[in-house]
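Note sheet for the following structure.
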Amino acid sequence: MKRRLFAAALLALVAAPTWAASNCSTTVEANDAMQFNQKAIVVPNTCKQFSVTLKHVGKLPKAAMGHNFVVSKSSDEPGIVADGATAGIESNYLKTGDSRIIAHTKIIGGGESDTTSFKVDALKPGQDYEFFCSFPGHAALMKGTISRAK
Ligand code: CU
């Protein structure tokens, strides 16, 4: 009986990263097929600060299949992506000082990771927020919703 409980607990630990965030941080994986492994991130209301670690689990270099993790209002995403394409990879495909950006990691390649964090108060009630990758062409596939728990 005890052993079975232990096995269940272990399984829960292993499976945890694919669940919705259960504390004030989460890890999102990105791969060589231009995909994030999460579609929706729910930030617990008990958090003041929330941090996200982006992990590139692929092998391709950042010039070919670079990814970042950007948070903004859903309505700001197209503009941030368009300005980011002009800014270039040296600027992580983001316009320097873009006030529409709530949080972002740098662009990373296969095997790399980077962490960003933001004040949870930045997510206002009644507003839709998104996370996405601003590498040119990626946001069509690489996006999801980020919201506060109800
Ligand atoms: Cu990407």
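Nothing in this text is a laboratory measurement; each read-out follows from the coordinates by a stated rule. Computed from a predicted model, the values in this text were never measured in an experiment. When we count neighbours, we look across all protein chains shown, and the Cβ atoms used for this are built from the backbone with ideal geometry, even at glycine.
Structure values in brief
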item: In degrees, nearest ten, helix 77-87 long axis to first principal axis of the chain (Cα); result: 60 degrees
item: Anchor Lys106: aspartates and glutamates whose Cα lies under 13 Å away (excluding residues fewer than 8 positions away in-chain); result: Glu90, Asp114
item: Proximal aspartates and glutamates relative to Lys73, as straight alpha-carbon distance under 12 Å, when same-chain residues fewer than 8 apart are discounted; result: Asp128, Glu130
item: Crossing angle, helix 2-15 versus the chain [Cα axis fit, 0-90 degrees, rounded to tens]; result: 0 degrees
item: Cβ-derived FRET efficiency at R0 22 Å, Gln35 paired with Ala85, nearest 0.05; result: 0.65
item: Lys150-Ser99 FRET efficiency (beta carbon distance; Förster radius 25 Å; 0.05 resolution); result: 0.35
item: Paired Rg and Dmax values of the stretch 35-150, which use every Cα atom, in angstrom; result: 13.4, 39
